Amino acid sequence: MIKSKVMQRTYIMEPKSSSENKSILDRFFDVVVVVFDNKYIKIERLLFVLGGLVLILYNRPWTPHAKVFSRGIRVDMPGRWMGVGFGLFFIFLGLLYKFPKKYHEEGLICPKCLTPYGLGRAPKSGKCKDCDVELEPIDGFYDRHPELRDKKDEVPEDLMDDLK
């Protein structure tokens, strides 16, 4: 605790927390790490949103007398509003589009026909080839779907003791 006298009054100042002692650059990197660790905000989404913002800011439709050029030719107001429309399209595309996964990190299984797909063998669409149903991760599948567990195929406990 630090005591200081200012204008004949005594103030007790608490020491700054660790977040207040960080520089602006350190805070920026902390935010960047949090953004890229988020499962929803991917780099593809961020690029589409930033591209849309750049298009909107470059076209400046709110200032009618701004000089906006495209390939050396001055763009009139309807053309600028069209650029804003493309910018909004890119922003919505970045926020709402479900980007396909490049590969699956774990084994997948079809919840309808129970066909397992190993690592790297699952279809890129993420759907079963036979049933056209969204595949689910194998890990914890029967915990999520206990009704699909086949009781007659389970090994009895006394036999499991003999196998150990």
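Working only within region 54-69, note down all residues that are under 15 Å from GLY87 (Cβ atoms) and either open to solvent by less than 50 Å² (accessible area, probe 1.4 Å) or in contact with a strand residue (DSSP E or B) (Cβ under 6 Å, 6 or more places away or on another chain) (or both). The answer is ILE56, ASN59, PRO61, VAL68.
Pick from region 134-160 the residues that are part of a loop (DSSP other than H, G, I, E, B) and modelled with pLDDT of 65 or more: which of them is surrounded by the most Cβ atoms within 10 Å (Cβ to Cβ)? Write out each step before concluding.
Taking region 134-160 first, the residues part of a loop (DSSP other than H, G, I, E, B) are 135, 138-140, 145, 149-150, 154-156.
Adding the requirement that they be modelled with pLDDT of 65 or more leaves 135, 138-140, 145, 149-150.
Details: LEU135: 21, ILE138: 14, ASP139: 11, GLY140: 9, HIS145: 13, ARG149: 11, ASP150: 8.
Among residues in region 134-160 that are part of a loop (DSSP other than H, G, I, E, B) and modelled with pLDDT of 65 or more, the one surrounded by the most Cβ atoms within 10 Å (Cβ to Cβ) is LEU135.
The single residue among GLY79, GLY94 that is in a helix (DSSP H, G or I), in contact with a strand residue (DSSP E or B) (Cβ under 8 Å, 6 or more places away or on another chain) and open to solvent by less than 90 Å² (accessible area, probe 1.4 Å) turns out to be GLY79.
Restricting attention to region 97-129, the residues that are open to solvent by less than 90 Å² (accessible area, probe 1.4 Å), closer than 24 Å to PHE48 by Cβ and modelled with pLDDT of 75 or more add up to 2.
The values are calculated or read from the model by the stated rules, or taken from the named source; none is laboratory data. Computed from a prediction, not measured in an experiment: that's the story for all the values here. Because the Cβ atoms are built from the backbone with ideal geometry, glycine has one as well, and the counts that use them run over all protein chains shown. Heads up: the accessible areas ignore ligands, DNA and RNA and are worked out on the full protein's heavy atoms, side chains in. Shrake-Rupley method; radii C 1.70, N 1.55, O 1.52, S 1.80 Å.
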